1. Between CYS305 and GLN667, what is the FRET efficiency for a Förster distance of 41 Å, r being their Cβ-Cβ separation, to the nearest 0.05?
2. Subtracting the Cα-Cα distance from 0.36 nm times the residue separation, let me have the gained length for GLU173 to ASP546 in nm, one decimal.
3. Just grab the label-to-label distance for PHE839 and SER294, each label 7 Å out from Cα along the Cβ direction, in nm (one decimal).
4. Please state the shape class of region 228-379: rounded when a/c is under 1.5, otherwise prolate if a/b exceeds b/c and oblate if not, all from the C-alpha gyration tensor.
5. Label region 326-414 by shape, choosing from rounded, prolate and oblate, from the square roots a ≥ b ≥ c of the eigenvalues of the Cα gyration tensor; if a/c is under 1.5 it is rounded, and otherwise prolate applies when a/b is larger than b/c, oblate when it is not.
6. What is the sum of charges around PRO301, taking Lys and Arg as +1, Asp and Glu as -1, for the other residues whose C-beta is under 10 Å from the C-beta of PRO301?
7. For GLU246 and GLU813 in one chain, what is 0.36 nm times their gap in residues minus the Cα-Cα distance, to one decimal in nm?
8. Compute the label zone of LEU459 within region 242-273: residues whose backbone N is under 19 Å from the point 7 Å along Cα-to-Cβ.
Amino acid sequence: MALSMHRESNSSGNRQQMDSSKYVRYTPEQVEALERVYTECPKPSSMRRQQLIRECPILSNIEPKQIKVWFQNRRCREKQRKESSRLQTVNRKLTAMNKLLMEENDRLQKQVSHLVYNNGYMRQKLHTVSTTATTDGSCESVVVSDQHQQQNPTPQHPQRDANNPAGLLAIAEETLAEFLSKATGTAPGPDSIGIVAVSRNCSGVAARACGLVSLEPTKVAEILKDRPSWFRDCRCLDVLGAIPTENGGMMELIYMQTYAPTTLAVARDFWTLRYTTSLPDGSLVICERSLTSSTGGPTGPPATCFARAEMLPSGYLIRPCDGGGSIIHIVDHIDLDAWSVPEVLRPLYESSKILAQKMTMAALRHIRQIAQETSGEIQYSGGRQPAVLRTFSQRLSRGFNDAINGFMDDGWSIVTGDGVEDVTIAINSSPNKFLGSQYNSLAMLPSFGGVLCAKASMLLQNVPPALLVRFLREHRAEWADYGVDAYSAACLKTSPYAVPCARPSGFASNPVILPLAHTVEHEEFLEVVRLEGHAFSPEDIALSRDMYLLQLCSGVDENAAGACAQLVFAPIDESFADDAPLLPSGFRVIPLDPKSDGPTATRTLDLASTLEVGHGGVRPAGESDSGSYNQRSVLTIAFQFTFENHFRDNVVAMARQYVRSVVGSVQRVAMAISPSPCGSHLGPKPLPGSPEALTLAQWICRSYRIHTGGELLRVDSQRGDAVLKQLWHHSDAIMCCSVKSKASAVFTFANQAGLDMLETTLVSLQDIMLDKILDEAGRKILLSEFPKIMQQGFAYLPAGICVSSMGRPVSYEQAIAWKVLDDNDSYHCLSFMFLNWSFV
């Protein structure tokens, strides 16, 4: 008994001793020091942890293993917090959607009851007619007339004078009733498709969306009424009159001008009545419609450079949500007068998908963006405020639209061509173009001439817009001329460096993309591009400085329906002030999706998929373009340059020549990336199936087994395609590079995880060098371990940081390098595997 108690006491003492060594209680100062490091690097390497202990004396009594456990627990808590927040958001959305679906169910039940009643009524009428058919020969006309009156009731509008407030209020109340019927799905217009809708059975084009945001209705209404802040195609919106109503509402006479999407069409303007009011249930309504000869009302201002479009009853229904926030119903219904544009461009004005992307979903995304910025969920780098970054995006987009449209009232005038009308040259010498910017000081110089814009539009066949823009973004050297970039950058200086013509052969610059911000659903990116400087000759040493571009990229998601892809950039100087002058240039690719009343017009989206942020516009399974990508798109290119008076003709010739060379480069790129007619599936990273890839996969796995004694894959079948398939879908990043004497190591192969880590494709993989992705510490370690790799056949590399092709840092816990041997056991290449990698 005593022996047993002694053993229990020893066991208890050992357990307490073990527990005291396993669990560490951190002081607040230690937690604060660890939190600071976690903010900078959530996943520090063992070297970084040891360095932390040396730099922080308060952590000296803690073992490195315990610090590693603390970071693991901290990452776990952060992951749980994000998951909890995501689940709460999904739960709120599901609750709101459940409420909407219950209302929709009630509406459908009432509609069924109404139809049953009408059916019984018609049966009774037919029975009465059949019994009296022999005595009353006019019964047929009576029945037909009764049916016609039920199907097409004659509107009973009271006589009104729409030029006075009472008449305008009558129009506003009718607009409110028609809008609410569209927003709740009881009238022809947008056809309900899950949470996003497109138009059917109505004139013009229409789109509808519904969403939940964490902002109060009054704040949402304020944001939505400021249309130029979120509608990128809005050139101006002027309130020409405001009349308050007795019910606390407001009627406003609105004149709005919008940009044309391409140089081949005329811009549109709208003359509308906007009515803001509240409903008895506390909801806010902002509805709007055009004032035409049929509706009555005052006549809008004339505009010679615009085609008048019509806005049918549209608007926003903003309902307060239980627990805070708002449920927003958005309806856009417009007639863009598609018959006034060339037939080839008519799909741009008949596509409800484009309308949904540019207006409906743009409004909803903008509100979500502001909601997350207000709650502090989004953190931006560089110390910039979110409003400043949004302003940069708006200025880039607006400047590019101004260049494409070239309105005469802005001071643009067309320069006579050289006989070939493929490139249009416009010049703007108006002082208003430079007021409030750094160019204002240049405009005061006697020799300063103004801004020149060279633009062109072309049709593309079988080229996905997202794929083309992504290629142009990642491979600037394929189309850009370094001399032209240098000239644009030099124009930012007070004494611009004169490069009056493009160099015959520009050096290929190596762009480094530094992300600044992105929207909530990652459909738009704002970034800074650094171009490494080169000197053409000793006298051109000024050109050897690095150059910087502020770049806006949008629409690069291939799965987004009807997405317009765009790449806009402008040179900036190193200071990058908030009021930095911007002279945007770039590319815009818009799909010419023909209007269809086929099955795709009534497709049903997965309701659950729309609850996750970023998946609202994803096509459902089975609806992606199988086979060949058989679709046309219109590409618009515009480049802007400043010029001095004595260099005007030279700059005009340079700009025309440069745009033609860019068009030729884009055509070559389009042919290269266009799917073959036989049409393989357009996946972002297709599985390579060439014999060389099959052989290389077998060599990689065989060499790994020979050198390390372990198995890289667990393949039941020894067939090459099975090995390649498992290697391709391996969770860790595996890549090969050729190492030759006196030459940089270039990547030749990577599996899907490797391409994701490098943020590239198989086509452009060979443009990436090994020493460019490794940091300084990684290069030193690889250099020290290289003899061991070549002698022993493999080596384990410690955790570290590397950089993707887009400039984003990537951390990994460990890396393995081994020699790949061919069938003759001769050295073929070097293979790397990065374990547990993640973007920092």
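1. Rounded to the nearest 0.05, the efficiency is 0.85.
2. Contour length minus the Cα-Cα distance gives 128.3 nm.
3. 4.9
4. Cα axes put region 228-379 in the oblate bin.
5. oblate
6. -2
7. Between GLU246 and GLU813, full extension yields 197.3 nm more.
8. Under cut-off, by backbone N: 261-266.
Computed from the coordinates by the stated procedures, all read-outs in this text should not be read as laboratory data. Since we're looking at a predicted model, the values are computed, not measured. All Cβ positions, glycine included, derive from the backbone under ideal geometry; neighbour counts span all protein chains shown.
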